[in-house]
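Here the structure comes first, spelled out in structure tokens, and everything after it is commentary.
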Amino acid sequence: MFLLEWLDSSSTLQLKTSGTTGIPKNITVSKQAMLHSALATADYFKLQPGDKALHCLPARYVAGKMMLVRALLIGLELDILSPTANLEGLIPEKKYDFVALVPLQVQQNLNRLQQFKKV
């Protein structure tokens, strides 16, 4: 559903924050701002087309949607995993160039962090 909204003619999106860092709320965000944020992330983390990224955040919230935008804009090779505290289903020998995690995921997966070059 998000990808259809992303590709429509509207210049803004209605998004919901997860409440991870505060009270959940609905916000209006310009697609241009999301593009700039994705480019800033790519620049900061030196992400390149073809880099491998793991998407393990809920796609119904801002952070999960931003991972999709980054993958589209940068050209990341994206693996999608159910957004759980313990990254069940993660292939132990697979390495990723980039992942975004919430603090609980980091805490629950300290033994897996070596699979990620940039968190």
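Electrostatic bookkeeping for Ser18 treats Lys and Arg as +1 and Asp and Glu as -1; over the other residues with beta carbon under 14 Å from its beta carbon, the sum is +4. Among Gly89, Gly64, Gly50, the largest mean-square fluctuation in a Gaussian network model of the chain, built with springs joining Cα atoms closer than 10 Å, belongs to Gly89. Normalised by the number of residues in the stretch 29-108, the mean separation of alpha-carbon contacts (under 8 Å, six or more apart) gives a relative contact order of 35 percent. Computed from Cα atoms, the angle from the helix 31-45 axis to the main principal axis of the chain rounds to 30 degrees. In the chain, the calculated helix contribution to ellipticity at 222 nm averages -8500 deg cm²/dmol per residue, counting -39,500 (n - 2.57) for every DSSP H run with n ≥ 4.
Which value in Å is the Kirkwood Rh of the stretch 42-88 over different Cα pairs? Numbers along the way, then the final one.
Numbers: mean 1/r = 0.0908 Å⁻¹.
Value: 11.0 Å, from the Cα pair sum.
The residues of the chain present an accessible area of 60 Å² per residue when probed at 1.4 Å with all protein chains retained. Counting only Cα atoms, the size of the stretch 2-50 along its three principal axes is 32, 31, 16 Å, in decreasing order. The alpha carbons of the stretch 65-119 occupy a box of 30, 21, 18 Å along the principal axes, longest dimension given first.
What is the spin-label model distance, in nm, from Leu104 to Ile27 if the labels are put 7 Å beyond Cα along the C-beta direction? About 2.0 nm separates the two model spin labels.
Please list, by residue number, every one of the trypsin sites (Lys or Arg not before Pro) in the stretch 1-108 that is coil in DSSP and has at most 11 other beta-carbon atoms within 10 Å. Here the trypsin sites (Lys or Arg not before Pro) that fit, given the DSSP loop and packing criteria, are Lys25, Lys46, Lys94, Lys95. Taking 1.306 mPa s as the viscosity and 10 °C as the temperature, the Stokes-Einstein diffusion coefficient of the chain based on its alpha-carbon Kirkwood radius rounds to 106 µm²/s.
Dipole magnitude of the chain about its Cα centre, charges +1 at Lys/Arg Cβ and -1 at Asp/Glu Cβ only, in debye to the nearest 20? Spell out each step's value before the answer.
On the way: 13 positive and 9 negative charges, 48 e Å.
Roughly 220 debye, rounded to the nearest 20.
The values are calculated or read from the model by the stated rules, or taken from the named source; none is laboratory data. Keep in mind it's a predicted model, so treat the numbers as computed, not measured. Note that we place each Cβ from the backbone using ideal geometry, even for glycine, and neighbour counts take in every protein chain shown. Just so you know, the surface numbers come from the protein's heavy atoms only, side chains and all, with ligands and any DNA or RNA stripped out. Shrake-Rupley method; radii C 1.70, N 1.55, O 1.52, S 1.80 Å.
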